[in-house]
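Structure first, commentary second.
The values are calculated or read from the model by the stated rules, or taken from the named source; none is laboratory data. Here the structure is a predicted model, which means the values were calculated and not measured. Virtual Cβ from ideal backbone geometry, glycine too; neighbours counted across all protein chains shown. All accessible areas refer to the heavy atoms of the entire protein, side chains included, with ligands and DNA or RNA removed. Shrake-Rupley method; radii C 1.70, N 1.55, O 1.52, S 1.80 Å.
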Amino acid sequence: MKLTLLTALLCVLTTATPAADEPFRPEAGKFPPLEKAHTYRGELVFVDHPNRRGSLRVQGQGVFRRNDPHPFAMLPYGMVRYHGAPADLRDIPLGTVLHVRAYLPPDPKISSVPVLPVNNKDKDADHRRGVGVAPAENHVLLLEDEPSHCQREGMVWKLKELDIQSNEGMMIATREPKAGADGKTKEETLTFDAATRLWRGRECLSLADMISEGLWPASGKKSLDGQAVLLGITWKPTLGGVFTRFHISDIWLDDTAIQRAAHLQAETHKAFIRSRWVPGWVDAVEYGKFGRATVTATLFGGMDTSLYADFKKGSRVLMNGAENTLKHTEGGTSGPSQMASQGSILEVTDTSRDAPPLGSSGIQIRFETDLITEGIRPTRVVRIRPTNWPDFHMPREEYLDSGKFSHEDRFPTPAIFPQY
């Protein structure tokens, strides 16, 4: 299938090499190398979207349903991908199976999720769950659903055979390179049912539609001859005491279908970022007199190119301090715009064609302001928006009241996560 423009932004990344033997902890002001990330996947079971964190039921070798939900937090520059396009955690339905690239907490003292022993991924969770279902690497650089993962790594699902009984059934398939099998693929058995959506061009079909068109039988088996598709994968309780069996929520049958899904998700995310501002961090501050300063900042990556295009030399922007969860830390009584530093962009440096590290857009801006704030310091996370974007008043849970906030506060604290 053809890759969308959004997916092409990630194509500079080849399949990552296995994680290093030694656990890796990111440093402030540096984007961590992808090859140092620990890789795993699991089912999304809880989301705290204002704080960019949640819990996954991580896949291991044991009985999947027994695995305790495992808390994770997005790094401030961490990227979420859904349907092959940029996303926010709020966009992903619970139950979705996600692929994870994650590290140890950069600073355990301010982690918004529980901090675990460094070697936790090597521990056996009493055999019934298996090894590696609660890794200490719970700060995420990249979180992506199945079609996003396949597109980025140049993979497709090849459908081999289906077996339908009473409006539900099993499908045998393999995930393999688009160019052809590499000898490492193995067949997987996945379930589907009457709620599974099949996308063909601009149509959304159901199991009943496939049967009525004569493409699938009403009951019994049918060979699918290795038909190449993209799958949306979830998990649901399975009969028969099966350790792990995943479920197909969606099947994209052609290029048009997945490109349309990516386009719709990209539009959702663009509207979201315009109302919440582009995140980044401060590289340097040159202080002047009476509150004046020139600020150099790098914009975080993973967003639609049209958002970055609005950062132009001579245009005016607002910059506000943010927490590592990307919450604005200067809220005032009317929201972040009231307290933000304003100024004109002096220079834009774009190195995005040079394959910047994952998490970075490769775009750096310098702007001058006559009122620098406490939150705008080197290595600090900030949020930035061009003044020609709408001045939305964001919901109260997405910024911190600057009159009451202290650096010790968490909203809410990591204690919300149960200790299993």
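Of the residues S315, S337, only one is surrounded by fewer than 22 Cβ atoms within 10 Å (Cβ to Cβ), touching a Pro at 6+ places or on another chain (Cβ under 6 Å) and not basic (K, R); which? Break it down into steps so the answer makes sense when it comes.
Numbers: S337 fails: touching a Pro at 6+ places or on another chain (Cβ under 6 Å).
Going through S315, S337 in turn, just one is surrounded by fewer than 22 Cβ atoms within 10 Å (Cβ to Cβ), touching a Pro at 6+ places or on another chain (Cβ under 6 Å) and not basic (K, R): S315.
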Problem set entry | Qualifying residue in the stretch 106-118 (condition: part of a strand (DSSP E or B) and open to solvent by 20 Å² or more (accessible area, probe 1.4 Å)) | no
Problem set entry | Matching residues in the stretch 8-34 - criterion: being part of a helix (DSSP H, G or I) and either touching a strand residue (DSSP E or B) at 6+ places or on another chain (Cβ under 9 Å) or at pLDDT 95 or above (or both) | L34
For this session: Report yes if P177 is more than 30 Å from R52 (Cβ to Cβ) and within 24 Å of the chain's Cα centre (by Cα), otherwise no.
Result: yes
For this session: Evaluate the stretch 67-77: report whether one residue or more is closer than 16 Å to L141 by Cα, small (G, A, S) and open to solvent by less than 10 Å² (accessible area, probe 1.4 Å).
Result: yes
Seminar exercise, completed: I233 fails exactly one of (1) under 28 Å from E43 (Cα atoms); (2) surrounded by fewer than 21 Cβ atoms within 10 Å (Cβ to Cβ); (3) not charged (D, E, K, R), namely (2)
For this session: Could you please let me know if I164 is surrounded by fewer than 21 Cβ atoms within 10 Å (Cβ to Cβ), among the β-branched types (V, I, T) and under 18 Å from R245 (Cβ atoms)?
Result: no
Seminar exercise, completed: From the option list E187, E153, E161, E168, single residue qualifying as among the acidic types (D, E), closer than 23 Å to R260 by Cα and in contact (Cβ under 8 Å) with a residue 12 or more places away in the chain is E153
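Say whether the condition of being of a type outside the set (A, V, I, L, M), out of contact with any Cys (no Cβ under 6 Å at 6 or more places or on another chain), part of a loop (DSSP other than H, G, I, E, B) and modelled with pLDDT of 95 or more is met by at least one residue in the stretch 255-275. Write out each step before concluding.
Of the residues in the stretch 255-275, the ones of a type outside the set (A, V, I, L, M) are 255-256, 259-260, 263, 265, 267-270, 272, 274-275.
Subsequent filtering for residues that are out of contact with any Cys (no Cβ under 6 Å at 6 or more places or on another chain) retains 255-256, 259-260, 263, 265, 267-270, 272, 274-275.
Right, trim to part of a loop (DSSP other than H, G, I, E, B) and you get none.
No: the stretch 255-275 contains no residue that is of a type outside the set (A, V, I, L, M), out of contact with any Cys (no Cβ under 6 Å at 6 or more places or on another chain), part of a loop (DSSP other than H, G, I, E, B) and modelled with pLDDT of 95 or more.
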For this session: Hey, can you tell me all the residues within the stretch 282-309 that are closer than 25 Å to R52 by Cα and either part of a loop (DSSP other than H, G, I, E, B) or open to solvent by 10 Å² or more (accessible area, probe 1.4 Å) (or both)?
Result: D283, T298, G301, G302, M303, D304, T305, S306, Y308
For this session: State whether the residues of the stretch 350-369 include one that is part of a loop (DSSP other than H, G, I, E, B), modelled with pLDDT of 90 or more, among the charged types (D, E, K, R) and more than 24 Å from the chain's Cα centre (by Cα).
Result: no
Seminar exercise, completed: Going through the stretch 219-228 in order, the residues found to be open to solvent by 30 Å² or more (accessible area, probe 1.4 Å) and over 21 Å from G154 (Cα atoms) are S219, K221, K222, S223
Exercise. Taking D126 and the conditions (1) touching a Leu at 6+ places or on another chain (Cβ under 9 Å); (2) farther than 30 Å from A28 by Cβ, which numbered condition does it fall short on, given that it satisfies the others?
Worked result: (1)
For this session: Scan the strands (runs of 3 or more DSSP E) fully inside the stretch 168-218 and keep the ones with 3 or more residues being open to solvent by less than 70 Å² (accessible area, probe 1.4 Å).
Result: 168-177, 188-193
